[in-house]
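Below is one structure, written out as C-alpha cells, with a few remarks after it.
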Amino acid sequence: MKLHSLRPAKGATKKEKRLGRGEASGKGGTSTKGNKGQQARTGYQRKIGHEGGQMPIQRRIPKRGFKNNARIEYKVFNLGQIEAINEKYGITDFSPEVLYDNGLISRTDKIKILANGAITSKLGFKVHAASGKAREAIEASGGTIEILK
C-alpha cells in the first residue's frame with residue numbers, strides 16, 4: 001500500500017450536483033428553482049411565521065389573560081414546614097442568609113410565612129412578608145418577627 005494508491009471506498013463519494021451549467025446538464029435554465037419569483041432569486045429568506053399567505057397562527061388565535069409585571073414572587077413557608085425545618089436542621093433564626101446557607105432557597109428568593117400548620121418553638125424570623133395569622137401564631141409561641149424591605 002502506497003500513499004498515491006489510497007482511494008475512498010466505492011460509493012463513499014458522489015459527484016457534486018452542478019446547477020445552471022447549460023441545458024445539456026439537465027439542470028440548466030432555472031437551476032431546479034422553478035420559474036420566476038422571490039424564491040428563485042438570490043438572498044431569499046423565508047420570514048419566521050409566514051404561512052404562505054394564510055392567516056398566521058399568532059393572528060388566528062385570540063389573546064388571553066394578563067401578566068402583571070409588578071408581581072412579587074415569594075418562596076412560601078407554612079408554619080408546619082418551619083417546625084419540620086427546625087427539627088431537621090436545628091435552625092432557630094429564620095433569615096434569608098441562614099435558609100440560603102442550608103440550601104432551602106436561592107440567593108434572590110423573597111420569603112413569605114403562611115399560617116398553615118402549628119408552631120410550638122420560640123423562633124426568630126427575618127422575612128419579606130407574613131400573613132396576619134402567621135404573625136399572631138409566631139408571637140403567641142414567644143417568637144419574634146421582623147419584616148425586611
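The values are calculated or read from the model by the stated rules, or taken from the named source; none is laboratory data. Quick caveat, the model's predicted, so the values are computed rather than measured. Cβ: placed from backbone, ideal geometry, glycine included. Neighbour counts: every protein chain shown.
Here are a few things to note about the model shown:
- Within the set R71, R60, the sole residue that is charged (D, E, K, R), without any contact (Cβ under 8 Å) to a residue 40 or more places away in the chain and within 30 Å of D109 (Cβ to Cβ) turns out to be R71.
- Residue match in the range 48-60 (condition: out of contact with any strand residue (DSSP E or B) (no Cβ under 6 Å at 6 or more places or on another chain), under 30 Å from A118 (Cβ atoms) and part of a helix (DSSP H, G or I)): no
- Scanning the range 66-108 for residues that are of a type in the set (A, V, I, L, M) and surrounded by 10 or more Cβ atoms within 10 Å (Cβ to Cβ) gives V76, L79, I82, A84, I85, I91, V98, L99, L104, I105.
- Of the residues S131, S106, S95, S121, the single one that is of a type in the set (G, A, S) and in contact with a Leu (Cβ under 8 Å, 6 or more places away or on another chain) is S131.
- Residue within the range 48-68 that is of a type in the set (V, I, T) and under 22 Å from A129 (Cα atoms) present: no
- Test: residue in the range 81-95 that is of a type in the set (F, W, Y) and farther than 28 Å from K133 by Cα: no
- A residue that is within 26 Å of the chain's Cα centre (by Cα) and free of Cβ contacts under 8 Å to residues at least 12 places away in the same chain occurs somewhere in the range 32-48.
- Complete set of residues in the range 110-134 that are modelled with pLDDT under 95 and among the charged types (D, E, K, R): K122
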